[in-house]
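See below for the structure under consideration.
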Amino acid sequence: MRGHRDFQRLWSGLAVSQLGSAVGGVALPIVAVNVVHASTFQISVLAAFTAVTTALLAFPMGSYVEFRRKRPVMIAADVARFASLGSIPLAGLVHGLTFTQLCVVAVINATCGIAFAGAAQAHLKALVSPDRLADANGRLESTNWLRMSVGPSLGGALVGFLSALGTLVIDAVSFLASALAIRLIRQPEPAPPPRDARGSRRSELAGGLRFAWGHTALRRMLISWVCFTGAIALSGPVTTIFYLRDLHFTAFEYGLLMGLPSLGGFFGARLTRRTVARFGPVRALWWASVLRGPWNFLIPLAGPGLLGLIQCSVGFFGLLFFAAMANSTMSSYRQLATPDHLMARVSTLWSFATTVAQPVFILLGGLVATQLGARLTLAVSTALMCGTAFLLPRHEISTEQG
């Protein structure tokens, strides 16, 4: 995206806020435990607030964002997150921080995150030309994976150097920097789509779902996406048990496994543009999805020791490499296939579907692991990941609605 200064401003703003969120994701639980002295149950409740908020507000927020200019929504969301996160260290300084405040901040951040993501996806389509969307999404996706790789380690270091409360100040300021970067975008923003005065509120809320479900390719992509992220969720807690209890990896080795393979996502996302240019979006998505799952079989086949550590790292790296490529390609296709007046609602539909489905798969993973053990459960999860590729269209579908 050389020469596209407005996209670079958007990209830099997103990168700063994403890295800040990764840092804050390490600091916030530490604040809850060490400053507020929250119980184990309260920590679980705090973590659940984001999922519950997304499930309840995704459709209404998507409709709200749809009919408004996107840059003011993004800036307002960033400023609100800056204020809410900044309130935590301020309250901590005067010894007035409570668990209730942490919950309120979690709800505000989740709500603003939905609004920002929906607006950003819609605005990206208006900001860059269709032939550059794959490149733009690849760059945004690569930043997200780099954040996942570097963020937790950086957050841990900052907590040790500045304290958890001080680290949250950096997280809060990152959102202010993001708002400033978006404010500096110069390209005129198109007017938001007008509301249909004849349509009902219920019909408006369900507009994104109705369109995506009636669009043959998008419907299959949505089903495949929910099943794939569900398989990832199913394996998440089981993988932790497998690494630490079955393979006896140290905490340091576990941290490396959770961080370094995320660089695979970074490199895979950066190759999206070339892959789409060569194969086309649908075939690129299909092949990336076919190739992402088999790598994960290396993990349940691993044994203890250095060789097992390398084997798990390679498996996770390969999975994330092709998963990031598939995610970037799917986002680009979805943006091109969706009419402008439905962009925010279709985008938030993906967040809603993922958030609602993942707890079900996590519970299923725990039940399966109880019966089959961690190693076999990971093999079942990987088989499900592989199967999700065959839910996708393999070629362009001539009749998209149906």
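In terms of the mean number of neighbouring beta-carbon atoms within 10 Å, the peptides 323-331, 48-56 order highest first as 323-331, 48-56. Classified by the C-alpha gyration tensor, segment 5-192 has a prolate form. Its axis ratio a/c, with a ≥ b ≥ c, is 1.5 or above, and a/b is larger than b/c.
Count the net charge of all other residues whose Cβ sits under 11 Å from the Cβ of residue 213, scoring Lys and Arg as +1 and Asp and Glu as -1. Residues close to residue 213 contribute a combined charge of +3. Longest stretch of the chain clear of exposed loop sites (trypsin sites (Lys or Arg not before Pro), DSSP loop, at most 11 other Cβ atoms within 10 Å, sites excluded): 199-402.
On the beta carbon distance between residue 95 and residue 395, with R0 = 60 Å, the FRET formula returns roughly 0.45. Only helical runs count toward this figure. For the chain, summing -39,500 (n - 2.57) over DSSP H runs of n ≥ 4 and dividing by all residues gives -26500 deg cm²/dmol at 222 nm. Using the Cβ-Cβ distance between residue 250 and residue 191 with R0 set to 51 Å, the FRET efficiency works out to roughly 0.35.
Of the residues 168, 178, 263, the one whose Cα sits farthest toward the positive end of the charge dipole of the chain, with +1 on the Cβ of Lys and Arg and -1 on the Cβ of Asp and Glu, is 178. Put a plus charge on the Cβ of each Lys and Arg, a minus charge on the Cβ of each Asp and Glu, and nothing anywhere else: the dipole of the chain about its Cα centre is then about 980 debye. Ordering 216, 17, 373 by the projection of their Cα atoms onto the charge dipole of the chain, which places +1 on the Cβ of Lys and Arg and -1 on the Cβ of Asp and Glu, puts 216 at the extreme positive end. Neighbours of residue 382 by Cβ distance under 13 Å: Lys/Arg scored +1, Asp/Glu scored -1, total +2.
Quick note: the coordinates plus some simple rules give every number you see, no bench work behind them. Everything quoted here is computed from the prediction, not taken from an experiment. Here Cβ is always computed from backbone atoms with ideal geometry, including for glycine, and neighbour counts include all displayed protein chains.
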